[in-house]
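This report refers to the structure that appears directly beneath it.
Only the coordinates and a few stated rules stand behind these numbers; no lab work does. These numbers come from a predicted model, not from an experiment. Because the Cβ atoms are built from the backbone with ideal geometry, glycine has one as well, and the counts that use them run over all protein chains shown.
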Amino acid sequence: MQIATLGPSGNNHELIAKRYLKMRGSGEGSITLFNCFEDAFQALINGQVSHVLQCTAHATHSDCVGRYMHRAYPVDTFIAGSKPLALIAQRTSIRPTQVALQPATRYYTDLTAYTEIINAPTTVAVAEGLLAGRFEAGICAEEVLGQAPEQLRLVQSLGPALDTWVMFATTPLPASSPLRLDAEGSSQD
């Protein structure tokens with residue numbers, strides 16, 4: 001199994017792809033990270049990878065489902081938790097006014113105290129910005145605190161996000177699959 005998913009390395013897409021290979025692929029296979037899902041789906045269509053893994057909370061999920069309809073088919077779905085997340089701030093910022101976040105995390109906690117919300121492409125980018133001192137506060141993996149405990153402080157632990165994930169391939173599931181709920185048992189291929 002060759003899984004394509006969204007990078008960069010260290011993000012939840014890579015984490016869940018690794019878990020998938022361990023749990024459902026006997027640990028065998030490879031993971032290729034792409035900068036955007038359009039490139040990952042093109043690699044699938046072109047036969048460079050066998051599967052694409054995507055979180056349904058990702059902003060491009062519905063676009064990808066529509067764009068690749070009849071070429072990339074959902075063949076598996078499951079629920080998985082992300083890395084534990086947290087609202088983290090610079091120690092020097094007593095009352096931060098700006099917060100960086102990946103848009104899917106916008107409602108994970110009350111952010112009304114922040115006057116500026118900075119959208120970042122990934123929670124990894126938020127972590128990098130916090131470590132570089134570009135952001136006063138941000139929502140990212142809680143583990144980033146261990147990388148700079150003298151620089152960063154925990155504002156609020158948010159725990160893992162429990163998301164629905166979809167695995168795509170170029171061959172649809174048979175109509176008899178228990179994952180299929182087509183009208184009157186007919187295939188919608």
Task: Karplus-derived 3J(HN,Hα), 6.51/-1.76/1.60, for each residue of region 66-80, Hz, glycine and proline x - done: x, 5, 10, 4, 6, 10, 10, 10, x, 10, 7, 8, 7, 10, 8
Task: For region 109-123, 3J(HN,Hα) per residue [Karplus equation, 6.51 cos²θ - 1.76 cosθ + 1.60, θ = phi - 60°, Hz, x = Gly/Pro] - done: 7, 6, 10, 5, 6, 9, 8, 10, 10, 9, 7, 10, x, 8, 5
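Sorting 118, 45, 88, 79 on the 10 Å Cβ count, fewest up front, what's the list?
Working: 118 17, 45 14, 88 29, 79 8.
If I rank by nearby Cβ atoms, fewest first, I get 79, 45, 118, 88.
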Open item on the list: Let me make sure I get this right: for region 85-159, a, b and c are the square roots of the gyration tensor eigenvalues over alpha carbons, sorted descending. Under 1.5 in a/c it's rounded, otherwise prolate if a/b > b/c, else oblate. Which is it?
Closed with: rounded
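Given contacts defined as C-alpha pairs under 8 Å and at least six residues apart, what's the relative contact order of region 85-159, whole-number percent? Let's see the in-between values first.
Working: 146 pairs, mean separation 37.2, N = 75.
Value for region 85-159: 50 percent.
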TODO: Select from region 80-144 those chymotrypsin sites (Phe, Trp or Tyr not before Pro) which occupy a DSSP coil region and have at most 12 other Cβ atoms within 10 Å, ordered by residue number.
DONE: 107
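Most exposed first by the Cβ proxy, i.e. fewest other Cβ within 10 Å, how do 140, 64, 36 rank?
Numbers: 140 30, 64 20, 36 13.
Taking fewest neighbouring Cβ atoms as first place, the list is 36, 64, 140.
List the trypsin sites (Lys or Arg not before Pro) within region 64-126 that fall in a DSSP loop (any state other than H, G, I, E or B) and whose Cβ has at most 13 other Cβ atoms within 10 Å.
Passing sites in region 64-126 are 71, 91, 106.
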Open item on the list: Amide H of residue 155 versus every other amide H placed in the peptide plane: which residues, excluding those fewer than 5 positions away on the same chain, fall under 5 Å?
Closed with: 87, 88, 89
TODO: For region 14-20, just list the computed ³J(HN,Hα) in residue order, Karplus coefficients 6.51, -1.76 and 1.60, θ = phi - 60°, integers in Hz, with x standing in for Gly and Pro.
DONE: 5, 4, 5, 4, 5, 4, 4
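How would 34, 168 line up from fewest to most surrounding beta-carbon atoms within 10 angstrom? Intermediate results must be reported in sequence, preceding the final value.
Working: 34 19, 168 24.
Taking fewest neighbouring Cβ atoms as first place, the list is 34, 168.
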TODO: Work out, step by step, the length gained on full extension between residue 150 and residue 106: first 0.36 nm times the residue separation, then minus their alpha carbon distance; give nm to one decimal.
DONE: 13.2 nm
